[in-house]
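Undergrad: Pasting in a structure now, in structure tokens, and then I'll have a few things to ask.
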Amino acid sequence: MASFVIEGGHKLCGEIHPQGAKNEVLQIICATLLTAEEVIVNNIPDILDVNNLIQLMRDMGVTVAKQGVDTYSFKAESVDLAYLESDEFLKKCSSLRGSVMLIGPMVARFGKAMISKPGGDKIGRRRLDTHFIGIQSLGADFRYNDERGVYEITADKLHGTYMLLDEASVTGTANIVMAAVLAKGTTTIYNAACEPYLQQLCKMLNRMGAKISGIASNLLTIEGVEELHGTQHTVLPDMIEVGSFIGMAAMTKSEITIKNVSYENLGIIPESFRRLGIKLEQRGDDIYVPAQENFQIESFIDGSIMTIADAPWPGLTPDLLSVLLVVATQAKGSVLIHQKMFESRLFFVDKLIDMGAQIILCDPHRAVVIGHNHGFKLRGGNMTSPDIRAGIALLIAAMSAEGISRIHNIEQIDRGYQNIEGRLNAIGARITRI
């Protein structure tokens, strides 16, 4: 198990480029199964979750070629359907959460799929009902094989239908869309997720010959087609990384420029950091964060305490709440962080309390942060990363802390952040991997 040793208190200075978006690329790679023709994908991040999915595609018989530093081609001309029933395939699926999005493309094109319960972060329940109910509505038959602990999905032919999703699940919507593009007839999905990553998936599928309308809204209409063709696609910059870098700059009182952020696709993220008092400027497609000695949390108009909560897009992504919580520990004022989606994601705050942060964990979903106003620094500590986003939040805390910190289980950070210590050390951080 690898660890980071972080020497806190060093300022950052310079430019940093966000990687390709993890949450988008996992959908895009799965979608390449929908055609026998070549699909070229640019701006793929070199991170554990993505690399594992690419290897899984190779194992399935997909021809994968690396064409550049971050460019791959995928050609699913001869998929090994027998391998998809093997224990090896199912074991790999169980450790890779993104593998659940193989169901939609596989059932749509080949009429069957098999998958074990996927793994990933330990952040509470992440139910798959939306995926399963949606694809069942299209005519697929789901059976749970208790002996092997796997779901077996079959369909002679999928048929379009109307559905109202019980939750605006991003991966659930993506899975249903990928199944519906080859279904017979028209599918209407209401309460669909509309995150930029899902918009990207729909635009790519349309370039491949799909007929999807309502993109960027919560009402998608999909006219099924007989087949899809090859295309080329470029992945958006990772909005979670962009937000993480804004938080790092604020916590370390640093001046940095975050390059090529696709500002129009950041939604409410810049404004959420401004609510904590952090100054940032849009300069073309870059974000400039000036060095700030202090930043003050806003109050609501009636004077009540600021609440920052996650919500379906265009609300605030839950993946950034851990970062915003850490940044609030050094702001002036107090804020209530309300994590609605996952019931275990705030449990990492005990590590921050050990470092000297003033946080009241009200329940599994809510925490009140009383900011230090940089009155005193956090203390270096010894901690373990429970999930990707808590991992980066703890790294930000350690970079601003006094003394040496150690973060263990950094494989969780590697799952979502490409060469994070190399890129941060290049602009002034002191992070060593051991």
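Undergrad: Please go through segment 402-411 and pick out each residue that is outside any loop (DSSP other than H, G, I, E, B), touching a Leu at 6+ places or on another chain (Cβ under 9 Å) and within 12 Å of Ala2 (Cβ to Cβ).
TA: So in segment 402-411, the residues outside any loop (DSSP other than H, G, I, E, B) come out as 402, 404-408, 411.
Those left that are additionally touching a Leu at 6+ places or on another chain (Cβ under 9 Å): 402, 405, 407, 411.
Those that are outside any loop (DSSP other than H, G, I, E, B), touching a Leu at 6+ places or on another chain (Cβ under 9 Å) and within 12 Å of Ala2 (Cβ to Cβ): Ile407, Glu411.
Undergrad: What's the number of the condition Asp46 fails, among (1) within 28 Å of Thr173 (Cβ to Cβ); (2) touching a residue at least 60 places away in the same chain (Cβ under 8 Å); (3) surrounded by 15 or more Cβ atoms within 10 Å (Cβ to Cβ)?
TA: Looking at each condition in turn, Asp46 falls short on (3).
Undergrad: When you go through Gly428, Gly391 one by one, which is the residue that is touching a Lys or Arg at 6+ places or on another chain (Cβ under 7 Å) and either in a helix (DSSP H, G or I) or at pLDDT 95 or above (or both)?
TA: Gly428
Undergrad: Could you please let me know if Arg406 is under 30 Å from Pro45 (Cα atoms) and open to solvent by 10 Å² or more (accessible area, probe 1.4 Å)?
TA: yes
Undergrad: Inside segment 20-39, can you point out the residues that are under 12 Å from the mean Cα position of the chain (by Cα) and of a type outside the set (Asp, Glu)?
TA: Gly20, Ala21, Lys22, Asn23, Val25, Leu26, Gln27 - these are the residues of segment 20-39 that are under 12 Å from the mean Cα position of the chain (by Cα) and of a type outside the set (Asp, Glu).
Undergrad: Need pairs with beta-carbon distance below 6 Å; first residue more than 23 Å from Ala113 (Cα to Cα) and without any contact (Cβ under 8 Å) to a residue 40 or more places away in the chain and within segment 62-80, second open to solvent by 20 Å² or more (accessible area, probe 1.4 Å) and aromatic (Phe, Trp, Tyr); sequence gap 6+ or separate chains.
TA: Lys66/Tyr72
Undergrad: Here is a check on your reading of the model: is Gln232 closer than 28 Å to Leu394 by Cα, surrounded by fewer than 19 Cβ atoms within 10 Å (Cβ to Cβ) and at pLDDT 95 or above?
TA: When the stated conditions are applied, Gln232 does not pass them.
Undergrad: Take segment 103-114 and flag every residue that is modelled with pLDDT of 90 or more and over 19 Å from Glu226 (Cα atoms). Reasoning before the result, please.
TA: In the first step, residues of segment 103-114 are kept if they are modelled with pLDDT of 90 or more; the result is 103-113.
Residue satisfying the conditions is Ala113 alone.
Undergrad: Quick one: how many residues across segment 5-19 are aliphatic (A, V, I, L, M) and within 23 Å of the chain's Cα centre (by Cα)?
TA: 1
Undergrad: Could I ask something else about it? Can you find, within segment 243-264, the residue that is nearest to Gln19 (Cα to Cα) among those that are buried (at least 24 other Cβ atoms within 10 Å of the Cβ) and under 18 Å from the mean Cα position of the chain (by Cα)?
TA: The qualifying residue nearest to Gln19 (Cα to Cα) is Val261.
Undergrad: Let me ask something additional. How about segment 195-226: which of its residues are open to solvent by 10 Å² or more (accessible area, probe 1.4 Å), over 16 Å from Gly160 (Cβ atoms) and in contact with a Ser or Thr (Cβ under 8 Å, 6 or more places away or on another chain)?
TA: Glu195, Arg207
Undergrad: Looking only at segment 161-189, count every residue that is in a helix (DSSP H, G or I), open to solvent by 10 Å² or more (accessible area, probe 1.4 Å) and at pLDDT 95 or above and tell me the total.
TA: Kept after step one, since they are in a helix (DSSP H, G or I), are these residues of segment 161-189: 170-180.
Going one step further and asking which of them are open to solvent by 10 Å² or more (accessible area, probe 1.4 Å), we end up with 170-171.
Filter again for at pLDDT 95 or above, leaving none.
Number satisfying all stated conditions: 0.
Undergrad: Please verify whether segment 88-100 includes one or more residues that are among the hydroxyl-bearing types (Ser, Thr, Tyr) and buried (at least 23 other Cβ atoms within 10 Å of the Cβ).
TA: Of the residues in segment 88-100, the ones among the hydroxyl-bearing types (Ser, Thr, Tyr) are 94-95, 99.
Checking the rest, the ones that are also buried (at least 23 other Cβ atoms within 10 Å of the Cβ) come to 99.
So far as segment 88-100 goes, yes, one or more of its residues are among the hydroxyl-bearing types (Ser, Thr, Tyr) and buried (at least 23 other Cβ atoms within 10 Å of the Cβ).
Undergrad: In a helix (DSSP H, G or I) and open to solvent by 40 Å² or more (accessible area, probe 1.4 Å) - does that describe any residue in segment 63-82?
TA: No.
Undergrad: Right, something else. Which condition breaks for Ala192 when tested against (1) in contact with a Gly (Cβ under 9 Å, 6 or more places away or on another chain); (2) part of a helix (DSSP H, G or I); (3) in the same structural domain as Ala76 (by the TED database)?
TA: Every listed condition holds for Ala192 apart from (2).
Undergrad: Would segment 265-281 turn up any residue that is in the same structural domain as Ser244 (by the TED database), charged (D, E, K, R), farther than 19 Å from Gly20 by Cα and part of a loop (DSSP other than H, G, I, E, B)?
TA: yes
Undergrad: Still on this structure, I have one more. For segment 207-242, which positions are more than 24 Å from the chain's Cα centre (by Cα), assigned to a loop (DSSP other than H, G, I, E, B) and among the hydrophobic types (A, V, I, L, M, F, W, C)?
TA: Residues satisfying the conditions are Met208, Ala210, Val225, Leu228.
Undergrad: Also, I was wondering about something else. Quick one: which of Ile301, Ile308, Ile287 is assigned to a loop (DSSP other than H, G, I, E, B) and either more than 14 Å from Glu241 (Cα to Cα) or more than 20 Å from the chain's Cα centre (by Cα) (or both)?
TA: It is Ile301.
Undergrad: Still on this structure, I have one more. For segment 324-373, list the strands (runs of 3 or more DSSP E) that sit wholly inside it and hold at least 2 residues that are open to solvent by less than 10 Å² (accessible area, probe 1.4 Å) and in contact with a helix residue (DSSP H, G or I) (Cβ under 7 Å, 6 or more places away or on another chain); which are they? Steps first, please.
TA: Numbers: elements: 334-338, 358-363, 366-370.
Filter on segment 324-373 gives 334-338, 366-370.
The values are calculated or read from the model by the stated rules, or taken from the named source; none is laboratory data. Keep in mind that this is a model prediction, so the values were computed, not measured. With ideal geometry, Cβ positions are generated from the backbone for all residues, glycine too; neighbour counts draw on all protein chains shown. Accessible surface areas use protein heavy atoms only, side chains included; no ligands, DNA or RNA. Shrake-Rupley method; radii C 1.70, N 1.55, O 1.52, S 1.80 Å.
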